[in-house]
Amino acid sequence: MMTRSMAKNDIGIKRIYDPPQKSDGLRLLIDRLWPRGIKKTEAAIDLWLKEIAPSNALRKWFNHDPEKWLEFQQRYIQELQEKPELIEFILEKASKQSITLLYSAKDTQSNNAQVLQAFLKAWPESPSF
């Protein structure tokens, strides 16, 4: 099992609508749905990991409602804990190069990428929010 110390490089986050930069490293789209207005041929992503995104039920329940943010984080963490192979896969990539988690939400502070980034940095323990 990989530990947090083995993930030597940065795990960054950014909106998919922001221009790609060389410093992004490996660009991983972590949304379940393809982002609106982005052509797949022009997306500048290396891998689409929709399986790591919140479930459809959780995504629809949250609906980016700020009052549900704390509970969303807890529910999403529970989902992430059931996907250790995907977490290990991302951390393996991060141990070799910088990675950027791409998301499409307008809210840059309360989104799945924020939760996933914190979860990855705290693996194998889950972060507390």
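The values are calculated or read from the model by the stated rules, or taken from the named source; none is laboratory data. It should be emphasised that the depicted structure is a prediction, and the values quoted were computed from it without experimental measurement. All Cβ positions, glycine included, derive from the backbone under ideal geometry; neighbour counts span all protein chains shown.
Remarks
- Failed item in (1) at pLDDT 95 or above; (2) among the charged types (D, E, K, R); (3) in a loop (DSSP other than H, G, I, E, B), with residue 8 passing the rest: (1)
- Residue 117 at pLDDT 95 or above, touching a Phe, Trp or Tyr at 6+ places or on another chain (Cβ under 7 Å) and among the polar types (S, T, N, Q): no
- For residue 32, the conditions (1) on the phi > 0 side of the Ramachandran plot; (2) in contact with a Lys or Arg (Cβ under 7 Å, 6 or more places away or on another chain) are fulfilled apart from (1).
- Of all residues in the stretch 73-129, those satisfying the criterion of being surrounded by 16 or more Cβ atoms within 10 Å (Cβ to Cβ), outside any helix (DSSP H, G or I) and free of Cβ contacts under 8 Å to residues at least 60 places away in the same chain are 110, 111.
- Close contacts from the stretch 41-59, counting a first residue that is closer than 14 Å to residue 80 by Cα and at pLDDT below 95 and a second that is outside any loop (DSSP other than H, G, I, E, B) and charged (D, E, K, R), with Cβ to Cβ under 7 Å and a gap of 6+ residues or different chains, come to none at all.
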